[in-house]
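Peer 1: Here's a structure for you.
Taken together, the values in this text are just the output of simple stated rules run on the coordinates, not laboratory data. The model shown is predicted, which means the values in this text are computed figures rather than measured ones. Ideal geometry is used to build each Cβ from the backbone, glycine not excepted, and the neighbour counts take in all protein chains shown.
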Amino acid sequence: MDEIKEVSLEMKDYIVSSGAETLSWCMQCGLCTNLCPWRLVPGEISEAFNIRKMQRLGQLGLEGFEDENVLFACATCGMCLVNCPRKVEIIDNVRSMRNTTVAAGFLPANLRPIAGSLHANGNPWSGAHEKRAEWQEGLNIPAFSDDTEYLLYVCCTSCFDTRSQKIAKSIVNLLQKAGVSFGVLTAEENCCGETIRKLGDEELFQKLAESNIKLFNGKGVKKIITTSPHCLYAFKKDYPELGGNYEVVHYAELLGDLLKQGKISFSTELAKKVTFHDPCYLGRHNQVYDPQRELLKAVPGVEFVELGRNKEKSLCCAGGGGRVWAEAPMGERFGELRITDAVDKQADILVTACPYCIAMLDDACAGLEKGDVLKVMEMSELLNASL
Amino acid sequence: MAKGIWVVVEQRDLQIRKVSLELLSQGRKIADETGESLVAVILGQGIEGLAQTVSANGADKVILVEDEKLAEYTTGAYTSVLNKLIRKEEPQVVLTGNTAVGKDLFPRLAQRLGVGLASDCTGIEVDSSSFMVFKRPIYAGKAFEFVSSTVRPILATIRPNTFALGTPDAGRTAEVVKETADIDAGDLRAILKEVAIAASKRPELTEANIIVSGGRGMKGPENYVILEALADVIGAAVGASRAAVDAGWKEQKFQVGQTGKTVSPTLYIACGISGAIQHLAGMGSSKFIVAINKDPEANIFNVADYGIVGDLFDVVPILTEEFKKIVG
Amino acid sequence: MNIVVLIKQTFDTEAKIVLDANGKIDANGVNLIINPYDEYAIEEGIRLKEKLGGEVTVVTLGGARAQEAVRTALAMGVDKGVVVSDPAIDTSDDWANVEIIAKAVAQIPFDIILSGRIAIDDGASQTAVRLAEALSVPSVSSVIKLEATGDQLVATREIDGGTELIEVALPAVITAQKGLNEPRYPSVAGIMKAKKKPLKTLTLADLGLSAGDLAPKMVVTKMTLPDPRKAGIRIPGEAADAAKELAKLLHEEAKVL
Ligand SMILES: Cc1cc2nc3c(=O)[nH]c(=O)nc-3n(C[C@H](O)[C@H](O)[C@H](O)COP(=O)(O)OP(=O)(O)OC[C@H]3O[C@@H](n4cnc5c(N)ncnc54)[C@H](O)[C@@H]3O)c2cc1C
Ligand code: SF4
Ligand code: SF4
């Protein structure tokens, strides 16, 4: 560095006041950087992004973290949190540092249509709001009411992406077969806001969250089943701050309990070698590891193998933190490593339980042309096929 | 009393632009309906021969303004000449195409005349009180406004392809009037140094009116020539899905979609593209979507206005030939 | 070099367009952005200043929310902002807007005025060129490359199917086309500095104008929304027949060729 940079304590205060309360706890040991999946891939982003350094710049009030490849690289996978000796809330720091520029109107260009669509349509996929519940056509799902126990909240991705709609339909069928009392409010819901909050657009997050909380509270919702671990995170960890308190489960947790209670069982044999990719937001962020495995092992014929990196050490698909809408060149996509992990285990099917993971892994599998040896499936789809 | 419907005819290298002929054809209809005369105004050098073409296309009268300073379009010189002509002759309406020239010339002319301007119109309705009401798309076509002028003359630029070409009648003759160019010195401050016409420069993706896009179904980089041939016939840009970019067949700058370019052309032709949500996010707001895909279940058909289930390698070359017949 | 950049706050490109009870576009709850083409103008203004020195002032017409757009420009590196806000602007036409802007700009010394080539909301593409006329200076539209010296500009502008190279003496008006530059993201320091930069708000009265001076030349008689998309059709038949039919439909039904 040959130029002298301006140190601005004011900037540091601004970052901290945006929510980076633990920024100053960081002692710069660098463990986080070492664990970060960006170390596993080459390329420009990997070279630019160093989470320890990014936080250092924030601590000192130094410019230089605003570059898109730095500020928007983190996939919020939570790997770094596991070993931080100072228990720094690294992801909160990332989100807050993003907020400093996003709140001023500067979202990276590729994310502007996402925010725009969230504002206009209540979902990030440019889908018309009135089409949110279209995937339910032909299914017989009651509206949530006093007579239903759970609200089934379906992730925007599974409402609008035809590929992902299969997940929602499978979950509905599984829950119905298991006799779960649930209803939907899909047509009136908005995006949970988890990801846009991680991207630093706090204002937009609050707008979305408040509309959902108003809807849920108005309808007397107490218990929610989510199809995506990201919605699970938002409802469990973000909504209470805004007065939304619910008992929230991911569908895998609920099905796991129902399996134990004997309320659901699988009969169609599936003689395949199956492995599981732990979604960061189900695993590390919500500590759900066992139900998925028990469910998969309950399918007759399934030979279950663990991936090398599993559970707490699972490798991110790169879909979190807004990266599901970000470009990384071939060879720099974490999903490719994940596909290779599964192929190395000679698995026939790579199962996961998150619509973002499905998008990223499907894409990586097609990109690596591994479709003939490995199939990527959402857990609900596999379980549904074996009912 | 203001009278006459004027069409400012755009010519480049003594070739009359198609939109000018479209306007003459529509102008003829309006003139007949309203009992006005249709006047074609041509500026340039060596333009005398064009008088016959415009009269065959419907003009009752042709005003020619010849000058070497008008050989190439410049904002100032053209404004200077038209301003004086219009003040002298007082037409009701002055129309031209919403082209690079129209977009640059008419706002300036309108301001000098102290009148309004309906720009980029896609429809004209004859109206008893305001004479003409113009329909124009706003918010990138997500809405339309209808505008009329409270003063005369009424100025409007009309989007190309809004009106059909008429059949020229070589037997028609028109009164031809020659006017001299009186250009104010103050209007010659911007100097045109050079005009570079690119032989077949394809438009930039995000600015293109028509986009022809190829995906994994293209099978290899060498096959893009058939899409390029199609594109060049209709002045389209060529795009790609991310799968085609990942495969190294096209550069990233041609990628359409959520992490590529967001486009909303009038026409998007998707060839061998399955229609993944990330692709749709980048082109779903196109006005018309055509899908050519051999898989009848492909998601792209859910958003397509026109779909052909078939092999693109069979369909695209024939389509190119058909397009040639249409655009001439 | 004194640089003025005209910007406009527009609806987000993703915004849903709905009409209110009066048949007017409903702006309620719509996310607003800087007109994307104006971002190129802002960027070019800042680059010119970085190269030649001077000061960049953004000028906008708009309501209370227009200040956000100006703050954004200030964060990018613009020095000063002027917002003309007045209820009369809600119904003014392009001609009247230019009367207002011309008065506002007359109070600022300028060598170059930059603006986007089109605003994505009304799509009119008139303001900047009209302003040039109102100020009696030359203009170059749709510029994709600009070189400036102290008293002259060399601009490459896009025309249908090619480009033109135009030389013009200052002062002049330039409208920016995509490709002119890549607008920057500001640093956090820039964002913080922007909070302290001068932002002036003017009313029509401050400019010596009254609503009566601005009787519109053009009036909007009605607004409509497009017909809902028709269900898509699959064209049957062998490749050759289908292709023929498709070409015909595009030409005669869709009218896009
Ligand atoms: C983070 C992220 C961002 C992404 N961003 C984008 C993006 O910006 N843009 C984008 O496009 N994608 C993007 N994708 C990828 C997207 O998910 C899809 O993988 C991609 O769009 C598929 O491209 P495709 O349709 O060309 O290929 P495929 O899905 O493989 O489809 C090929 C199609 O071609 C058809 N076909 C094959 N041969 C023929 C023939 N001879 N004639 C006719 N049809 C034929 C097939 O039937 C098939 O439907 C992104 C993915 C991720 C994870
Ligand atoms: S691991 Fe924790 S303390 Fe160490 S550098 Fe990272 S954030 Fe700072
Ligand atoms: S959350 Fe994951 S991607 Fe982000 S810095 Fe930590 S390890 Fe890296």
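Peer 1: In whole percent, what relative contact order does chain B give with Cα contacts below 8 Å and a gap of six or more residues?
Peer 2: 14 percent
Peer 1: While we're here: For each pair in A:Lys166/C:Lys16; B:Lys84/B:Lys178; A:Lys272/A:Lys297; B:Lys250/C:Lys244; B:Lys250/C:Lys145; A:Lys311/A:Lys345, compute the distance between the two Cα atoms and list the pairs where it is over 20 Å. Kindly include the intermediate steps, with their values, before the conclusion.
Peer 2: Details: A:Lys166/C:Lys16 28 Å; B:Lys84/B:Lys178 14 Å; A:Lys272/A:Lys297 11 Å; B:Lys250/C:Lys244 28 Å; B:Lys250/C:Lys145 26 Å; A:Lys311/A:Lys345 16 Å.
Over 20 Å Cα-Cα: A:Lys166/C:Lys16; B:Lys250/C:Lys244; B:Lys250/C:Lys145.
Peer 1: Under 20 Å from a label point 7 Å along Cα→Cβ of A:Val343: give me every residue in region A:314-330 with its amide N that close.
Peer 2: Residues A:315-319, A:328-330 fall inside that zone.
Peer 1: Between region A:45-66 and region C:169-189, what is the C-alpha centre distance in whole Å?
Peer 2: Region A:45-66 and region C:169-189 have Cα centres spaced 28 Å from each other.
Peer 1: Select from region B:119-202 those trypsin sites (Lys or Arg not before Pro) which occupy a DSSP coil region and have at most 15 other Cβ atoms within 10 Å, ordered by residue number.
Peer 2: Working: sites: B:Lys135, B:Lys142, B:Arg172, B:Lys178, B:Arg189, B:Lys193, B:Lys201; in loops: B:Lys142, B:Arg172, B:Arg189, B:Lys201.
Qualifying residues, ordered by number: B:Arg172, B:Lys201.
Peer 1: Based on DSSP, what percent of beta bridges with both residues in the protein assembly as shown are antiparallel, to the nearest 5? Walk me through the numbers before you get to the answer.
Peer 2: Details: 42 of 140 bridges.
Expressed as a percentage, antiparallel bridges in the protein assembly as shown total about 30.
Peer 1: Oh, and also: May I ask you to list the residues of region C:214-257 whose amide nitrogen lies under 16 Å from a point 7 Å from Cα along the Cα→beta-carbon direction of B:Lys325?
Peer 2: Those under the cut-off are C:238-253, C:257.
Peer 1: Would you work out which of A:Val102, A:Cys74, A:Gly64 lies farthest towards the positive end of the dipole of region A:9-102? Charges go on Cβ: Lys and Arg +1, Asp and Glu -1.
Peer 2: In region A:9-102, that residue is A:Cys74.
Peer 1: Could you give the angle, 0 to 90 degrees to the nearest 10, between helix B:224-234's Cα long axis and the longest principal axis of the Cα atoms of chain B?
Peer 2: 20 degrees
Peer 1: Among C:Gly63, C:Gly77, C:Gly45, pick out the residue whose Cα is farthest towards the positive end of the charge dipole of region C:29-85, where Lys and Arg carry +1 and Asp and Glu carry -1 on C-beta, about the Cα centre.
Peer 2: C:Gly63
Peer 1: What FRET efficiency comes out for the pair A:Met27/A:Lys237, r = Cβ-Cβ distance, R0 = 30 Å, nearest 0.05?
Peer 2: Computed FRET efficiency for A:Met27 and A:Lys237: 0.70.
Peer 1: By how many nm would the segment from B:Glu297 to B:Asp127 lengthen if fully extended, with 0.36 nm per residue of separation less the alpha-carbon distance?
Peer 2: Numbers: separation 170, 0.36 × 170 = 61.20 nm, distance 4.85 nm.
Working it through step by step, the gained length comes to 56.4 nm.
Peer 1: What ranking, highest mean first, results for peptides B:103-110, A:144-151, C:97-104 when packing means the other Cβ atoms within 10 Å averaged over each residue? All intermediate terms of the calculation are to be shown ahead of the outcome.
Peer 2: Details: B:103-110: 27.8, A:144-151: 16.1, C:97-104: 21.6.
Ranked from most to least packed, the peptides come out as B:103-110, C:97-104, A:144-151.
Peer 1: Per residue of B:67-76, count partner chain C-beta atoms within 10 Å of its C-beta, then hand back the mean as an integer.
Peer 2: Working: counts 0, 0, 0, 0, 0, 1, 2, 3, 9, 4.
The mean count of partner-chain Cβ atoms within 10 Å per residue comes to 2.
Peer 1: If you don't mind, another one. In nanometres, what is the gap between the two model label sites at C:Ala106 and B:Arg87, each 7 Å from Cα along Cα-to-Cβ?
Peer 2: 2.0 nm
Peer 1: Right, here's the next one. Using 1/(1 + (r/R0)^6) with R0 = 35 angstrom and r between the beta carbons of A:Leu40 and B:Asp232, what's the FRET efficiency to the nearest 0.05? Walk me through the intermediate numbers first.
Peer 2: On the way: r = 44 Å, r/R0 = 1.26.
Computed FRET efficiency for A:Leu40 and B:Asp232 comes out at 0.20.
Peer 1: Any idea what angle helix B:312-327 forms with the longest principal axis of chain B, computed on alpha-carbon atoms, 0 to 90 degrees, nearest 10?
Peer 2: Long axis of B:312-327 versus the principal axis of chain B: about 10 degrees.
Peer 1: Tell me what the protein assembly as shown gives for mean residue ellipticity at 222 nm when only DSSP H runs of n ≥ 4 count, each as -39,500 (n - 2.57), the sum divided by the residue total, rounded to 500 deg cm²/dmol. Walk me through the intermediate numbers first.
Peer 2: Details: 32 runs with 317 residues, N = 972.
Calculated from helices alone, the mean residue ellipticity at 222 nm is -9500 deg cm²/dmol.
Peer 1: Next question, about the same structure. Below 8 Å between Cα atoms, with a sequence gap of 6+, how large is the relative contact order for chain A in percent?
Peer 2: Across chain A, relative contact order equals 16 percent.
Peer 1: Can I ask one more? Which residue fluctuates most in the GNM of chain C (Cα springs below 10 Å): C:Val220, C:Val137, C:Val59?
Peer 2: C:Val220
Peer 1: Spelling out what I want: for every residue of region B:11-28, take phi, set θ = phi - 60°, compute 6.51 cos²θ - 1.76 cosθ + 1.60 (Karplus), and round to whole Hz; glycine and proline get x.
Peer 2: Ordered by residue, 3J(HN,Hα) equals 10, 10, 6, 6, 9, 7, 5, 4, 4, 5, 5, 4, 5, 5, 5, 5, x, 4 Hz.
Peer 1: Could you give the size of the charge dipole of region B:1-52 about its Cα centre, using +1 on the Cβ of each K and R and -1 on the Cβ of each D and E, expressed in debye and rounded to the nearest 20? All intermediate terms of the calculation are to be shown ahead of the outcome.
Peer 2: On the way: 6 positive and 7 negative charges, 15 e Å.
About 80 debye.
Peer 1: Follow-up. Tell me, A:Thr186, B:Thr75, B:Thr150 in order of fewest to most beta-carbon neighbours within 10 Å? Before the final figure, lay out the partial values.
Peer 2: Working: A:Thr186 20, B:Thr75 26, B:Thr150 14.
Ordered by Cβ neighbours within 10 Å, fewest first: B:Thr150, A:Thr186, B:Thr75.
Peer 1: If you take the charge dipole of region A:109-256 about its Cα centre, with +1 on Lys and Arg Cβ and -1 on Asp and Glu Cβ, which of A:Leu185, A:Ser117, A:Thr157 is farthest toward its positive end?
Peer 2: Positive-most Cα among the choices belongs to A:Thr157.
Peer 1: According to a simple spin-label model (label point 7 Å from Cα along Cα-to-Cβ), what is the distance in nm between B:Glu222 and C:Glu68?
Peer 2: The answer from the label model is 5.4 nm.
Peer 1: Charges only on Cβ, +1 for Lys and Arg, -1 for Asp and Glu: so what's the dipole of region B:208-328 about the Cα centre, in debye to the nearest 20?
Peer 2: Numbers: 10 positive and 12 negative charges, 66 e Å.
Dipole of region B:208-328, to the nearest 20 debye: 320 debye.
Peer 1: Using the Karplus curve 6.51 cos²θ - 1.76 cosθ + 1.60 with θ = phi - 60°, work out ³J(HN,Hα) for each residue of region B:97-114 in order, rounded to whole Hz, and write x for Gly and Pro.
Peer 2: x, 7, 9, 4, 5, x, 5, 8, 7, 5, x, 5, 5, 4, 5, 5, 7, x
Peer 1: In peptide C:5-17, how many Cβ atoms from other protein chains are near each Cβ within 10 Å, on average? Can you show the working numbers first?
Peer 2: On the way: counts 0, 0, 0, 0, 0, 1, 5, 7, 11, 14, 7, 9, 7.
Partner-chain Cβ atoms within 10 Å, mean over residues of C:5-17: 5.
Peer 1: For the pair A:Gln206 and B:Asp67, how long in nm is the line joining their label points, each one 7 Å along Cα→Cβ?
Peer 2: Once both label points are built, they end up 6.2 nm from each other.
Peer 1: Also, I was wondering about something else. Could you give me the ³J(HN,Hα) list for region A:40-48, computed from phi with Karplus coefficients 6.51, -1.76, 1.60 and θ = phi - 60°, whole Hz, x at Gly and Pro?
Peer 2: Once rounded to whole Hz, the list reads 8, 10, x, x, 4, 5, 4, 6, 7.
Peer 1: Right, another one. Sorted from fewest to most neighbouring beta carbons within 10 Å, what does the list B:Arg242, A:Arg86, A:Arg293, A:Arg333 look like? Walk me through the intermediate numbers first.
Peer 2: Working: B:Arg242 27, A:Arg86 14, A:Arg293 17, A:Arg333 24.
Lowest to highest Cβ neighbour count: A:Arg86, A:Arg293, A:Arg333, B:Arg242.
Peer 1: Return the aspartates and glutamates within reach of A:Lys169: Cα separation strictly under 14 angstrom, same-chain partners fewer than 8 residues apart disregarded; answer none if there are no such residues.
Peer 2: Within the straight-line cut-off, A:Lys169 pairs with A:Glu134, A:Glu137, A:Asp161, A:Glu378, A:Glu381.
Peer 1: Could you tell me what percent of the DSSP beta bridges with both partners in region C:2-214 are antiparallel, to the nearest 5?
Peer 2: Counting DSSP beta bridges with both partners in region C:2-214, the antiparallel share is about 40 percent.
Peer 1: If we count other beta carbons within 10 Å of each Cβ, what is the order of A:Leu215, A:Leu139, B:Leu21, fewest first?
Peer 2: Working: A:Leu215 16, A:Leu139 12, B:Leu21 23.
Fewest-to-most ranking of A:Leu215, A:Leu139, B:Leu21: A:Leu139, A:Leu215, B:Leu21.
Peer 1: Please give the charge dipole size of chain A, origin at the Cα centre, charges +1 on K and R Cβ atoms and -1 on D and E Cβ atoms. Round to the nearest 20 debye. Mind showing how you got there, number by number?
Peer 2: Details: 42 positive and 52 negative charges, 181 e Å.
Once rounded to the nearest 20, the dipole reads 860 debye.
Peer 1: Distance from the Cα centre of region B:211-240 to that of region B:74-98, in angstrom?
Peer 2: 41 Å
Peer 1: Need the C-alpha centroid separation for region C:86-106 versus region A:106-126, integer Å.
Peer 2: Region C:86-106 and region A:106-126 have Cα centres separated by 31 Å.
Peer 1: If you count, for every residue in B:245-254, the Cβ atoms of partner chains within 10 Å of its Cβ, what is the mean? Write out the running numbers ahead of the final one.
Peer 2: On the way: counts 3, 8, 3, 1, 0, 0, 0, 2, 0, 0.
Taking the mean over all residues of the peptide, I get 2.
Peer 1: Given contacts defined as C-alpha pairs under 8 Å and at least six residues apart, what's the relative contact order of chain C, whole-number percent? Don't skip to the end; give the middle numbers.
Peer 2: Numbers: 471 pairs, mean separation 59.5, N = 257.
It comes to 23 percent, rounded to a whole number.
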